Amino acid sequence: KKIVFTSTRDGDLELYTMDAKGKHVRRLTHEVGYDGGAFFSPDGEKIVYRGQHPTTPAEVADYKALLAQGLIRPGNLELWVMDADGSHKRHITSNGAANFGPYFTPDGSAIIFASNVGDPKGRNFDLYLVNVDGTGFERVTTCASFDGFPMFSPDGKKLAFASNRNGSVPGETNIFVAD
């Protein structure tokens with residue numbers, strides 16, 4: 001019934017909801033910085049997203065200068081969970097890595113996502129799970145190449161994700177399905 005999306009309509013990359021017909025737009029985030037990649041929990045009560053919020057005046061100026069050009073500098077993207085009305089925002093990761101592609105498990109108790117937290121060079125991404133309260137951090141894949149954009153089937157029996165593994169050329173991305 002609702003759509004969650006990122007927009008610059010108010011001058012910053014913020015999260016909004018609207019009904020399925022595009023009416024009743026409501027802004028959910030208000031912090032300076034990037035908020036995006038949002039998904040609803042299966043029951044529609046919560047939203048998971050990634051955020052990067054500059055804190056120093058120099059970081060804010062850099063962010064705004066890039067945003068004026070329609071750009072962002074990806075870096076430390078932490079995962080957040082909030083209620084579907086935008087209340088009760090809380091970090092679920094604080095690992096200083098690039099965490100993205102968050103998606104709820106079918107029961108809504110945990111989040112699966114991609115992160116480069118396990119790579120000292122920050123180039124390789126694997127899949128991880130974390131409970132919605134930020135506990136229970138667990139690595140799911142161990143691959144020397146990119147794994148990302150995970151999504152569970154509605155019944156939770158299958159996991160689909162993108163990966164560069166087994167590519168015929170470097171950087172080729174394919175879709176994998178696993179039990």
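Of the residues in the stretch 78-92, how many are assigned to a loop (DSSP other than H, G, I, E, B) and either farther than 20 Å from Glu45 by Cα or open to solvent by 20 Å² or more (accessible area, probe 1.4 Å) (or both)?
Going through the stretch 78-92, the residues assigned to a loop (DSSP other than H, G, I, E, B) turn out to be 84-89, 92.
Now restrict to residues that are either farther than 20 Å from Glu45 by Cα or open to solvent by 20 Å² or more (accessible area, probe 1.4 Å) (or both): 84-85, 87-89.
Of the residues in the stretch 78-92, 5 are assigned to a loop (DSSP other than H, G, I, E, B) and either farther than 20 Å from Glu45 by Cα or open to solvent by 20 Å² or more (accessible area, probe 1.4 Å) (or both).
Does Asn76 satisfy being in contact with a Ser or Thr (Cβ under 8 Å, 6 or more places away or on another chain), farther than 30 Å from His24 by Cβ, of a type in the set (S, T, N, Q) and without any contact (Cβ under 8 Å) to a residue 40 or more places away in the chain?
Working: in contact with a Ser or Thr (Cβ under 8 Å, 6 or more places away or on another chain): no; farther than 30 Å from His24 by Cβ: yes; of a type in the set (S, T, N, Q): yes; without any contact (Cβ under 8 Å) to a residue 40 or more places away in the chain: yes.
In short, no.
So if I check each of Ala20, Ala65, Ala38, Ala58, which one is within 16 Å of the chain's Cα centre (by Cα) and aliphatic (A, V, I, L, M)?
Details: Ala20 fails: within 16 Å of the chain's Cα centre (by Cα); Ala65 fails: within 16 Å of the chain's Cα centre (by Cα); Ala58 fails: within 16 Å of the chain's Cα centre (by Cα).
Ala38 is the lone residue from the list that is within 16 Å of the chain's Cα centre (by Cα) and aliphatic (A, V, I, L, M).
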*Quickly run through the stretch 10-53 and pick out the residues that are more than 26 Å from Ser153 (Cα to Cα), exposed (fewer than 12 other Cβ atoms within 10 Å of the Cβ) and not acidic (Asp, Glu).*
Gly11, Gly22, Lys23, His24
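The values are calculated or read from the model by the stated rules, or taken from the named source; none is laboratory data. Here the structure is a predicted model, which means the values were calculated and not measured. Note: ideal-geometry Cβ built from the backbone for every residue, glycine included; neighbour counts use all protein chains shown. All accessible areas refer to the heavy atoms of the entire protein, side chains included, with ligands and DNA or RNA removed. Shrake-Rupley method; radii C 1.70, N 1.55, O 1.52, S 1.80 Å.
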